[in-house]
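Just below is one structure, and these are the notes that go with it.
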Amino acid sequence: MENPILDFLYLICIVLFIIGLKNLSHPESAKKGNFLSASGMILAIIITLFYPMEGASNNYLVIIAGVIVGSVIGYLAAKRVKMTAMPELVSLFNGLGGACSMLIAFVEFNNLPEGANLMSGNVLTIIFAMFIGSISFTGSIIAWGKLNGALRDNLVLPAPQFVNGILLLAVIGFSIFIMMQPELNFTWVIILLVLSLVYGVTFVTPIGGGDMPVVISLLNSFTGIAAAIAGLIYGNQVMIVGGIVVGASGTILTILMCNAMNRSLLNVIIGGFGSGGKSAGTDREQVVKEASLGDTAIQLKYSSKVMIVPGYGLAVAQAQHTCHELEKSLEAEGVEVKYAIHPVAGRMPGHMNVLLAEADVSYDKLLELEPANEEFKSTDMVLVIGANDVVNPAAKEDAGSPIYGMPILDVEQAGTVIVLKRSMNPGYAGIENPLFFGEKTKMLFGDAKDSLGKLKNELSNA
Amino acid sequence: MEYITQFIYENITMIYILIFAIFLGMEVISKVPTVLHTPLMSGANAISGVVIIGAIILIRQAEPNDYFILSIGFLGIALATINVVGGFAVTDRMLDMFKKKKK
């Protein structure tokens, strides 16, 4: 039975999902986007409850009971979780969605009419929904366990790629085997289910704890795909489009996340570990992360306190005026901006003070070494503009360094450090700066004046 | 094999929708600032709970005395609802971080 009005309302749900996702990808509209998607979901649920169905016995009591139980648990979990535990909660939620697809597919096997031909698109769809739903379920549970510490970060099964390959082949082979049977034997279905669940475990286990956000995003797109395939079983457009859009955009998001970490998706899945290298403080991973203008501008805008560390590069680029303008734009956004002046920043004592005074930077914004170091802990972002040796942690850590013992500005205490620099060339002292390879550090390459001007423009767009 | 082709024939509109939705999904989020990666993932995750629709259809079509389907369906609805409600709620909390602090 069909109902044109309800079918049209289904379309509105789909549009709400898509506009919601679009809005979610921009900070200004993200909250609205989340609200729109949620409204789409509520509308879709209501429509489905009242969609006319031939001979349906409805069983509304069971549905309402399930929705109430799920809502209470989901709402309480979301409200009570600590900010830091949010990613693992998302992973857990995602696993439950996958489990639902798996359960639906399992029941649909049971619902196949007696003596139905198994070599059909219908059976293939059900197998797919069950397989992908299962991976998403157990995989997310493993990711959840790794993130909250219940499972060891570096837990590895022997020869993971080999085991995964064998399991995947087994699932495919077994699916074909089931489809070739003259009639359905439910034991085979259960074996297929177990194989799929195990594959989810072995798929995620070899991946290191640091890469878990990427894996969760990938599993999230799996859940979307599973929902879409389950939608094919019922010929339901909302499930198909909603699921696939999440599946595809989730895949894009996964790739974006990999790019942000300077890794490839394949590298994350096969390469195993993104978590090592923390044991020795000096043994930093020698990979430089590059910041993008857009990201930096948005991050600046939503910081509450930004500290600028000027150096010789600011003087060379004559960027003091542009720097002051950026400072004014940030203050207009409600961000507190201060300058941390190292005594030997630039090529002479007081070089920076003179330069900034020339640009009308208010004197009370300039902090000297010690007060600045006290403030970095409460600072969200540090912009290092053309300074190098005065922020080099080697002065504290590396006894062999020529600048060992020099007091430095301890920028690594702050949340994020953006280093504006023309190239990776070392500073005046001619030594490498481990700060640039630090976990919190991102590099914004280019002429300081140029970059600051662009940041200011991005700020008005962000 | 003819069953497969028959399936395609019967579901051709759905397959069209599916393919177009793939392209739509790839275009809808092209440029996302890093700070929004986690909230966006979380919001998309809540949308993937759309599988709850399937669970509702499943239960509505079940016989009132088929306790096997009803109990699995109940579990499915409860799990999917946790995904949906919890997903949207936690995304909302994450996004509160972006509220401009009042001076």
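Structure notes:
- Selection status of A:Gly386, under 19 Å from A:Leu366 (Cβ atoms) and surrounded by 16 or more Cβ atoms within 10 Å (Cβ to Cβ): yes
Yes/no per residue for (1) over 28 Å from the mean Cα position of the chain (by Cα); (2) assigned by TED's automatic domain parsing to the domain that holds A:Ile190; (3) in a helix (DSSP H, G or I):
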| residue | (1), (2), (3) |
| --- | --- |
| A:Gly133 | no, yes, yes |
| A:Ile141 | no, yes, yes |
| A:Arg152 | no, yes, no |
| A:Phe162 | yes, yes, yes |
| A:Gly165 | no, yes, yes |
| A:Ile172 | yes, yes, yes |
| A:Ile176 | yes, yes, yes |
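- A:Ser29 being facing chain B (nearest Cβ under 9 Å) and of a type in the set (S, T, N, Q): no
- Residues in the range A:32-50 that are over 27 Å from A:Gln299 (Cβ atoms) and within 7 Å of chain B (Cβ to nearest Cβ): 5 in all.
- Complete set of residues in the range A:302-311 that are crowded, with 24+ Cβ neighbours inside 10 Å and farther than 16 Å from A:Ala357 by Cβ: A:Val306, A:Met307, A:Val309, A:Gly311
- Where a residue in the range A:230-253 is under 16 Å from A:Val15 (Cβ atoms) and its partner, wherever it lies, is among the acidic types (Asp, Glu) and part of a helix (DSSP H, G or I), with Cβ under 9 Å and at least six apart: A:Gln237/A:Asp7; A:Ser249/B:Glu27
- Number of positions in the range A:118-165 that are loosely packed, with under 13 Cβ neighbours inside 10 Å and free of Cβ contacts under 8 Å to residues at least 40 places away in the same chain: 7
- The one condition in (1) at pLDDT 90 or above; (2) of a type outside the set (Lys, Arg); (3) within 27 Å of B:Lys31 (Cα to Cα) that A:Val189 fails to fulfil: (3)
- Residue that is farthest from the other protein chains (Cβ to nearest Cβ) [pool: residues in the range A:259-273 that are outside any loop (DSSP other than H, G, I, E, B) and modelled with pLDDT under 80]: A:Ile270
- Meets criteria (surrounded by fewer than 21 Cβ atoms within 10 Å (Cβ to Cβ) and in contact with an Asp or Glu (Cβ under 8 Å, 6 or more places away or on another chain)) for A:Gly235: no
- Whichever residue in the range B:84-94 is over 12 Å from A:Ser37 (Cβ atoms) and in contact with a Lys or Arg (Cβ under 8 Å, 6 or more places away or on another chain) and, among such residues, is modelled with the highest pLDDT: B:Ala89
Yes/no matrix, rows are residues, columns are (1) within 23 Å of A:Val90 (Cβ to Cβ); (2) part of a helix (DSSP H, G or I):
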{"site": "B:Glu27", "(1), (2)": "no, yes"}
{"site": "B:Gly49", "(1), (2)": "yes, yes"}
{"site": "B:Gly54", "(1), (2)": "yes, yes"}
{"site": "B:Glu63", "(1), (2)": "no, no"}
{"site": "B:Ala78", "(1), (2)": "yes, yes"}
{"site": "B:Val85", "(1), (2)": "yes, yes"}
{"site": "B:Phe88", "(1), (2)": "yes, yes"}
{"site": "B:Thr91", "(1), (2)": "yes, yes"}
{"site": "B:Asp96", "(1), (2)": "yes, yes"}
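- Count of the range B:70-89 residues which are more than 15 Å from A:Ala99 (Cα to Cα) and of a type in the set (Val, Ile, Thr): 1
- For the range B:11-23, the count of residues that are surrounded by 23 or more Cβ atoms within 10 Å (Cβ to Cβ) and either at the interface with chain A (Cβ under 7 Å from one of its Cβ atoms) or in contact with a helix residue (DSSP H, G or I) (Cβ under 6 Å, 6 or more places away or on another chain) (or both) is nonzero.
- Number of the condition not met by A:Glu370 [criteria: (1) closer than 18 Å to A:Thr441 by Cα; (2) without any contact (Cβ under 8 Å) to a residue 60 or more places away in the chain]: (1)
- Checking each residue in the range A:303-336 for being away from chain B (no Cβ under 14 Å), outside any helix (DSSP H, G or I) and of a type in the set (Val, Ile, Thr) picks out A:Ile308, A:Val309.
- Residue match in the range B:76-86 (condition: surrounded by fewer than 16 Cβ atoms within 10 Å (Cβ to Cβ), without any contact (Cβ under 8 Å) to a residue 40 or more places away in the chain, touching a Gly at 6+ places or on another chain (Cβ under 6 Å) and within 7 Å of chain A (Cβ to nearest Cβ)): no
- Unique match (being modelled with pLDDT of 95 or more, within 9 Å of another protein chain (Cβ to nearest Cβ) and out of contact with any Gly (no Cβ under 6 Å at 6 or more places or on another chain)) among A:Gly70, A:Gly97: A:Gly70
- Within the range A:428-462, considering residues that are outside any loop (DSSP other than H, G, I, E, B) and small (Gly, Ala, Ser), the one farthest from A:Glu28 (Cα to Cα): A:Ala448
- A:Gln320 surrounded by 22 or more Cβ atoms within 10 Å (Cβ to Cβ) and within 22 Å of B:Val32 (Cα to Cα): no
- Residue count, the range B:29-46 (criterion: under 21 Å from A:Val15 (Cβ atoms), without any contact (Cβ under 8 Å) to a residue 12 or more places away in the chain and in a helix (DSSP H, G or I)): 2
- The residue of the range A:389-421 that is modelled with the highest pLDDT, among those that are of a type in the set (Asp, Glu) and part of a loop (DSSP other than H, G, I, E, B), is A:Asp410.
The values are calculated or read from the model by the stated rules, or taken from the named source; none is laboratory data. Values in this document were obtained by computation on a predicted structure and should not be read as measured data. All Cβ positions, even for glycine, are placed from backbone atoms using ideal geometry, and neighbour counts span all protein chains on display.
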